[in-house]
Amino acid sequence: MSDHEGRTGDAARAADRIGALLRASGRRPAIPPVRAVRIEQTARAAWQETLVARARGRRLVAWTALAAAAVVVLGAGLILRPRSIPAVLPEAIGRVELAMGEVWTSPAGEGAAAAPRALRAGDEIAAGSELTTAGDGRAALRLASGRSLRLDAGTRLRAISERTLILEQGAVYLDSGGAARAAAWPVEIRTPLGEVRDLGTQFEVRMLEASLRVRVREGSVSVAGRGGTEAIGAGEELTVDPDGRAARGRVDPFGTEWAWPESVARFGDLRGRSLKEFLDWYARERGVRLELAGEDLPSAAGTIILAGSIEGMTLEQAIDSVLATTAMRREEREGSLTVARSGAAARP
């Protein structure tokens, strides 16, 4: 038998022994569903960041080529001082309106190695940033599209872009401002247990210990998970477990469940804005129907211009302060807000 044949035989016997060991060890346990989804989302986010980095690289090459061409046009004999190439900054997708307690961000593209930076009102949010709130922290952001995005305490969110958000823990609340804006610029919130798509609404997405819960205050959303896609509307909630099983429930649009997003609601500067505009905003934030009592009040409310400030006030403090300066009073019942002139009787 030749040396070649001997070596071939030894290799075959070794392969048989390895195969026997693998068969004896049995199948490896399956990856848990939640972990599998997390791995998939992490890989997808990394790929998106790679695409952004490549696009930046192409822009940098183009910029360098244009700079070189400019040097040639200037002609010989000119002495040029070397200048640093300006960095291409990530696109800003929104701005912080309010930050309560400890709220941080990690810069886009720098990952876990980046030192977190405290967020303050007025700060811009760059695409790819990771946002984190502590146990006492909450934040309200205004996205470039005009949507209001709010983060509850104990939340970690990665803002891949204005239209793609990845919720890793905690809860977010999104107010799209209506169906028209949502249709033109849909937002998707990805979680380890499903993807939630905005269909023109106010809604909350929360990662619980072992499930995903979506609550809709107004409009509707779609939730795509392992068990398929579910549509839920105003006053409904959907809970999805790791196996994709979904359970429906009811939630009041004006209930205490919405206290946390109300706590970071912000109207902004009162000056130059009408009473009707403020009341519409308040009713939307409270999830109630607005009724203006009195024949002339619906039209008059649009001509009453406000002044002063409600910065730092709760919703109830804000409306009481505004109505006190306009000789109005309010009566708030389950699901409705009635506003009347101080000398008139509110509707029963």
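Every read-out reported here was derived from the displayed coordinates using simple, explicitly stated rules and does not represent laboratory data. What you are looking at is a predicted structure, and each value in this text was computed from that prediction instead of being measured. We place every Cβ from the backbone using ideal geometry, glycine too, and count neighbours over all the protein chains shown.
General observations
- Distance-filtered residues of segment 291-312 - backbone nitrogen under 11 Å, label point 7 angstrom along ARG271 Cα→Cβ: 307-309
- Scattering profile of segment 267-341 at q = 0.11 Å⁻¹ [log10 I(q)/I(0), Debye over alpha-carbon scatterers]: -0.23
- Spin-label model, SER342 to ARG197: label points 7 Å out along the Cα-to-beta-carbon direction sit 5.2 nm apart.
- ³J(HN,Hα), Karplus 6.51/-1.76/1.60, whole Hz, each residue of segment 248-260, x for Gly, Pro: 9, x, 10, 8, 6, x, 10, x, 5, 4, 9, 4, 5
- Other-chain or far-sequence residues with amide H under 5 Å of ARG147's (modelled H): none
- For ALA327 and SER211, the FRET efficiency from 1/(1 + (r/R0)^6), where r spans their Cβ atoms and R0 equals 56 Å, is about 0.65.
- Between the amide H of GLY94 and those of ILE125, ALA144, distances stay under 5 Å, these residues lying 5 or more places away or on another chain, with hydrogens modeled in the peptide plane.
- Amide proton proximity set for SER309, modelled H, under 5 Å, gap of 5+: none
- Geometric extent, Cα atoms of segment 92-259 - Rg, Dmax (angstrom): 15.1, 43
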